[in-house]
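J.: Have a look at this one before I ask anything.
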2 protein chains.
Amino acid sequence: MHILILGGAGMVGQKLVQQLCAAGEIGGREISAMTLFDIVDPLKPAAAWPVSVRSGDISQRSVVDSLLVHKPDIIFHLAGVVSGEAEQDFDKGYRVNLDGSRTLFEAIRAQNYLPRVVFASSIAVFGGPFPEVIDDTFLAAPLTSYGTQKASVELLLTDYSRRNIFDGVAIRLPSVVIRPGKPNKAASSFFSGILREPLNGEEAVLPVSRDVRHWMVSPRTAAGFLIHAATLDREVLGDRRALSMPGISVTVGEMIDALGRVAGKDRMALIRDEPDEAIIRIVASWPQRFDAARALQLGFSQEVSIDDIIRNHIADELGGRLGDFAAVRGRGDQV
Amino acid sequence: MHILILGGAGMVGQKLVQQLCAAGEIGGREISAMTLFDIVDPLKPAAAWPVSVRSGDISQRSVVDSLLVHKPDIIFHLAGVVSGEAEQDFDKGYRVNLDGSRTLFEAIRAQNYLPRVVFASSIAVFGGPFPEVIDDTFLAAPLTSYGTQKASVELLLTDYSRRNIFDGVAIRLPSVVIRPGKPNKAASSFFSGILREPLNGEEAVLPVSRDVRHWMVSPRTAAGFLIHAATLDREVLGDRRALSMPGISVTVGEMIDALGRVAGKDRMALIRDEPDEAIIRIVASWPQRFDAARALQLGFSQEVSIDDIIRNHIADELGGRLGDFAAVRGRGDQV
């Protein structure tokens, strides 16, 4: 199997590469080649097969054409501008996230073969008001340009698949927690920060109240969803190819309690409440809980608990050990 | 008020022009100018204000730019390739229906003002399986390229509106019955034909069973919805700007009974049952009933009965009198 990963330099992209390299196969078939593409060269993994690393702009047709010359069997499409940037730079968001995806779809069409395309969509396709639990028939009514672009690509992917131009699956990822690395300016940054920083022995700021609830998965699980999506039988997908993924619905308070259970109560004291009205308002419009019945039925397996997410982070990112207290600020960068 | 109508040569476009010309105003404000645009020159109405008639390709930016020079206050966007053609010609459908709409939206953005944009969407954005009644939170999961294009434009319109690039409303029109003119090759053609042809004294073929249920409005009501959408207060629209329109849910049997009530039982005998498996299959995937609660709350008024639709057709299209039996085939063309 020849695998192409667009957005291979990103956090979830790199997790995906690691899992594929560790498994050596996908859906019971051996991996024979891998192409990693992003706006910058992705890290080249140690792999038992040839790996080609490429960089460029996904909205340029010639760039995408060159990635498809060898007709990859599976195309993971994770490339895109993140939500904050898509909101800040209207043209760039549409050019990369919408036009870039359509450029990919048209380039596949020109190759005239039927690869599986796995598109990383997002729960950002949803916008409130919400029912208590969002089921598989709830409308996509995004409240950001990023969500609009993701929802539009889901529609195109479904139509192109119906037309047998390719065989697509869009999976709507929950917020990925704990993101390794340093805090960023996304409004969601604190969901990772309130766990990641204390695990590193550092202080974290909590801008919302502890009863705020959100829908999340670990990076490890998110990458696993992408792999599972790549191996689904075509027949079971039918006409609805955009799937809300399982996750866990937890409150900030429950996350902090889990931190205490897994890493010790003293870590909880590193979290400083510092309410931020702007972030409170944004986060209030985010989905809190899904009934991902269809995905569960299709075998996407759910994260067990927030405790597991914290344990996975310690194992995957911290080499199994917690950071000393009062560690130098910025240590997270090096993870 | 300067009004621009894109798709002004189409059936609903012409009804809209007639109603605007009859009213002389829109939302209590006098109409001062009108531009009608389509792929062919629309018919020029008798109006008390200057009317400019133009033709061209909506996906060409220079064409659209020229339509916006005088910054029309209200833009009715009805232009597009119909469902059958969008399914048959993939590239043309996307170019006109999706890219054409985006070209319009970008051209408005360049003019840097805030017109009301009313987009004629369709219940084709929905695809089965359906609940018994489709409410305002049901997902758009189109099963045609046409529906995909309409749903994508709804998303873009909503995002552009949220960004204050324009002030958009998308209204999802039910099937329009009775369409004047002759039968066409659309799978839905018979819904009009089984009423229109007998009213003309001609035979009609019914390709589905009489218990088939569908969601419809008259041409007069569809045009009225567009006008109402143009006059809605901005504040009441909020973040969800794609509205499913009211209509009536009737079975083919109920339509035929109404034909008998309004036009006489002898007209019913002009309908010949001739089951067509292909059409039966297509029509089975269409929505049958909506709860258009939000639209009703916003003042879109519902057609009273199929009897009214037939009476309106007789008044609007047949000059108030029924066709003689065994009229020459093709008479409908001249209506």
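J.: Let me know the Rg and Dmax you get for the range A:188-335 when you use only its Cα atoms, in Å.
T.: Just the Cα atoms of the range A:188-335 yield Rg and Dmax of 17.0, 54 Å.
J.: Measuring nothing but label to label, 7 Å from Cα along Cα→Cβ, what are A:R163's distances to the other copies in nm, shortest first?
T.: 2.5
J.: Pull out a ≥ b ≥ c, the square roots of the eigenvalues of the alpha-carbon gyration tensor of the range A:157-196, then state rounded if a/c is under 1.5, prolate if not and a/b is larger than b/c, and oblate in the remaining case.
T.: Taking the square roots of the gyration eigenvalues as a ≥ b ≥ c, the range A:157-196 is prolate.
J.: Let me ask something else about it. Please report Rg over Rh for the range A:44-131, where both radii come from the alpha carbon positions and Rh follows the Kirkwood definition.
T.: 1.03
J.: Any idea what the dipole of the protein assembly as shown comes to, in debye rounded to 20, about its Cα centre with Lys/Arg Cβ at +1 and Asp/Glu Cβ at -1?
T.: For this selection, approximately 600 debye.
J.: Sticking with this structure for a sec: Quick check for me: using +1 on Lys/Arg Cβ and -1 on Asp/Glu Cβ, what's the dipole size of chain B about its Cα centre, in debye to the nearest 20?
T.: Here chain B has a charge dipole of around 480 debye.
J.: 7 Å from Cα along Cα→Cβ at both B:V205 and A:D273: what's the point-to-point distance in nm?
T.: Calculated label separation equals 7.3 nm.
J.: Evaluate E = 1/(1 + (r/R0)^6) for B:R261 and A:S32, where r is the Cβ-Cβ distance and R0 equals 60 Å; express this FRET efficiency to the nearest 0.05.
T.: 0.30
J.: Of the DSSP beta bridges with both residues in chain A, give the percent that are antiparallel, rounding to the nearest 5.
T.: Close to 15 percent.
J.: Per-residue Cβ counts within 10 Å, from other chains only, averaged over B:156-162: what number is that?
T.: Per residue, the number of nearby Cβ atoms from other chains is 5 on average.
J.: Describe numerically, in nm with one decimal, the distance between label points set 7 Å from Cα along Cα→Cβ at A:E25 and at A:L43.
T.: Spacing of the two 7 Å Cα→Cβ label points: 2.7 nm.
J.: Separate question: If you wrap the protein assembly as shown's Cα atoms in a convex hull and average its projection over all directions, what's the area in nm²?
T.: Mean orientational projected area (the protein assembly as shown, Cα hull): 30.4 nm².
J.: When the helix-only estimate is applied to chain A (DSSP H runs of n ≥ 4, each -39,500 (n - 2.57), divided by the residue count), what is the mean residue ellipticity at 222 nm, nearest 500 deg cm²/dmol?
T.: That comes out to -11000 deg cm²/dmol.
J.: Quick one: angle between helix B:219-231 and the longest Cα principal axis of chain B, in degrees between 0 and 90, rounded to 10, please.
T.: Taking the Cα atoms of chain B, the angle to B:219-231 is about 20 degrees.
J.: So, with +1 on the Cβ of K and R and -1 on the Cβ of D and E, and no other charges, what is the size of the charge dipole of the range A:49-130 about its Cα centre, to the nearest 20 debye?
T.: 320
J.: Follow-up. Looking at the calculated P(r) for the range A:7-64, what percent of the C-alpha pair distances fall above 14 Å?
T.: So the pairs more than 14 Å apart make up 54 percent of the total in the range A:7-64.
J.: If you line up the long axis of helix B:189-199 against the longest principal axis of chain B, both from Cα atoms, how many degrees apart are they, to the nearest 10?
T.: 60
J.: Picking from B:L6, A:C21, B:Q19, whose Cα lies most toward the positive end of the charge dipole for the protein assembly as shown (charges on Cβ: Lys, Arg +1; Asp, Glu -1)?
T.: The Cα lying farthest towards the positive end belongs to B:L6.
J.: Can you list the aspartates and glutamates whose alpha carbon is less than 12 Å from that of B:K265, not counting same-chain residues fewer than 8 positions off?
T.: Cross-link targets: B:D257.
J.: Still on this structure: Reported to two decimal places, what Rg/Rh ratio describes the range A:67-209 when computed on Cα atoms with Rh from the Kirkwood expression?
T.: Rg/Rh for the range A:67-209 comes to 1.03.
J.: How large, in Å, is the range A:250-311 by the Kirkwood hydrodynamic radius built from its alpha-carbon pairs?
T.: Kirkwood hydrodynamic radius for the range A:250-311: 14.2 Å.
J.: Putting +1 on Lys and Arg Cβ atoms and -1 on Asp and Glu Cβ atoms, find which of B:L270, B:V205, B:A229 reaches farthest to the positive end of the dipole of the range B:178-304.
T.: B:A229
J.: May I pose another question? How tilted is helix B:252-263 with respect to the longest principal axis of chain B? Cα atoms for both, answer in degrees (0 to 90, nearest 10).
T.: Roughly 80 degrees, rounded to the nearest 10.
J.: Nearest-5 percent of antiparallel DSSP beta bridges in the protein assembly as shown?
T.: 15
J.: Restricting things to alpha carbons, tell me how big chain B is in terms of Rg and Dmax, in Å.
T.: Rg and Dmax of chain B, Cα atoms, are 19.5, 59 Å.
J.: Find which of A:A86, B:A107, B:G93 sits farthest along the positive direction of the dipole of the protein assembly as shown, computed with +1 on the beta-carbon of Lys and Arg, -1 on that of Asp and Glu, about the Cα centre.
T.: The residue sitting most towards the positive pole is B:A107.
J.: Counting partner chain Cβ atoms within 10 Å of every residue's Cβ in B:84-93, what's the average?
T.: Taking the mean over all residues of the peptide, I get 1.
J.: Another one. Other chains' Cβ within 10 Å of A:136-145 residues: what's the mean?
T.: Mean partner shielding for this stretch: 6.
J.: Round to the nearest 0.05 the FRET efficiency obtained for A:L296 and A:T231 when R0 = 22 Å and r is the Cβ-Cβ distance.
T.: Computed FRET efficiency for A:L296 and A:T231 comes out at 0.85.
J.: What FRET efficiency, computed as 1/(1 + (r/R0)^6) with R0 = 51 Å and r the Cβ-Cβ distance, is obtained for B:R54 and A:Q18, rounded to the nearest 0.05?
T.: 0.30
J.: How large are Rg and Dmax for the range B:125-231 when only the alpha carbon atoms are used, in Å?
T.: Rg then Dmax for the range B:125-231, in Å: 16.6, 53.
Since every read-out is calculated from the coordinates, none of them should be taken as a lab result. Just so you know, these numbers come straight off a predicted model, no measurement behind them. Here Cβ is always computed from backbone atoms with ideal geometry, including for glycine, and neighbour counts include all displayed protein chains.
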